[in-house]
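Visitor: What follows is a structure written as structure tokens; I'll ask about it next.
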Amino acid sequence: MLTSGIPGSIPAVPRSSPADPAPGEHGEIGYDREVWRKLLHLLALSIPIGYQFVSQRTGVAIVFVCFLVSLVVDLARLRGWPIQRLWQRIVTPIVRPREANNFTGATFILASGWLCRLLFSLPAATIGMLTIILGDTCAALIGRRWGRHRTIGSRTVEGSLAFLAVSFAAGACTPGLPLVIGLMAAPLATVVEMFSTRIDDNLSVPLVVGLFTHLAMRIIA
């Protein structure tokens, strides 16, 4: 299990794709650990789902508190605070090499969850979060497992197509979002994710998609 912190403690999943980078290449972890990381990533679905059941003020406050907790966890890891021993065995195995001296994706996605609901309308905040949570999960797992055609960094055509397909579905199913805007947001999210090499896509995709959707809905209205 992850909590052991021992490299061989998670059953290995073979790298079947030649485009799948080796652990450490492009700042990636092994595919087996990527699976566990994305399963945890899906827990962030509680953010856009929760948006639907609480007021904007309550939603912003809850996600902000979660963001602060994640920020403290990252700071403890980065600065070597003794308290990090409480969660080190859980966090360390799924931290990517490029995150060793930076904040993790969890902190970035919680920051996005807070900012999206603070700045944008409910449908815009929801689609912004759904595209990165669902799209990124499918892109990473499908691209690394079956990807054959590398594009930018560790990204593949197959992974990006998976991201696009899931984003189309999210756009079509987001409550209160006009279908045409939802379908337009999907390719935008895919392009932003593909080119987010210098900034974490957990931050760039929700904010760009949320802003686009928010403005588009105001124009149509």
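Visitor: Segment 87-127: which chymotrypsin sites (Phe, Trp or Tyr not before Pro) are DSSP loop and have at most 14 other beta-carbon atoms within 10 angstrom?
Guide: Qualifying residues, ordered by number: Trp87.
Visitor: Could you list which residues have their amide H under 5 Å from that of Thr156, counting only those 5 or more apart in sequence or on another chain, with H placed in the peptide plane?
Guide: Thr151
Visitor: For segment 83-162, report the % of Cα-Cα distances exceeding 14 Å.
Guide: Value for segment 83-162: 72 percent of Cα pairs lie more than 14 Å apart.
Visitor: Then there's this: So, counting K/R as plus one and D/E as minus one, what does the shell of residues with Cβ under 11 Å around Val95 add up to?
Guide: Working: positive: Arg33, Arg37, Arg77, Arg96, Arg98; negative: Asp74, Glu99.
Once positives and negatives cancel, what remains is +3.
Visitor: Tell me, how many Å apart are the Cα centres for segment 188-221 and for segment 84-160?
Guide: Their Cα centres are 14 Å away from one another.
Visitor: I want the local charge near Leu211. Using Cβ-Cβ distances under 14 Å, sum +1 for each Lys or Arg and -1 for each Asp or Glu among the other residues.
Guide: Values: positive: Arg117, Arg218; negative: none.
Summing Lys/Arg as +1 and Asp/Glu as -1 gives +2.
Visitor: Can you work out ³J(HN,Hα) from phi for every residue in segment 56-73, in order, using Karplus 6.51 cos²θ - 1.76 cosθ + 1.60 and θ = phi - 60°, giving whole Hz and x for Gly and Pro?
Guide: Karplus values, whole Hz, x for Gly and Pro: 4, 4, 5, x, 4, 5, 5, 5, 5, 4, 4, 4, 5, 4, 5, 5, 5, 4.
Visitor: Using only the Cα atoms of the chain, what semi-axes does the equivalent ellipsoid have when each is the square root of 5 times a gyration tensor eigenvalue? Give whole Å, largest first.
Guide: 29, 23, 13
Visitor: So what's the angle, to the nearest 10 degrees on a 0 to 90 scale, between helix 179-195 and the longest Cα principal axis of the chain?
Guide: 30
Any read-out appearing in this document is the output of simple, stated calculations on the displayed coordinates, not a laboratory observation. None of the values given here were measured: they were computed from a predicted structure. Note that we place each Cβ from the backbone using ideal geometry, even for glycine, and neighbour counts take in every protein chain shown.
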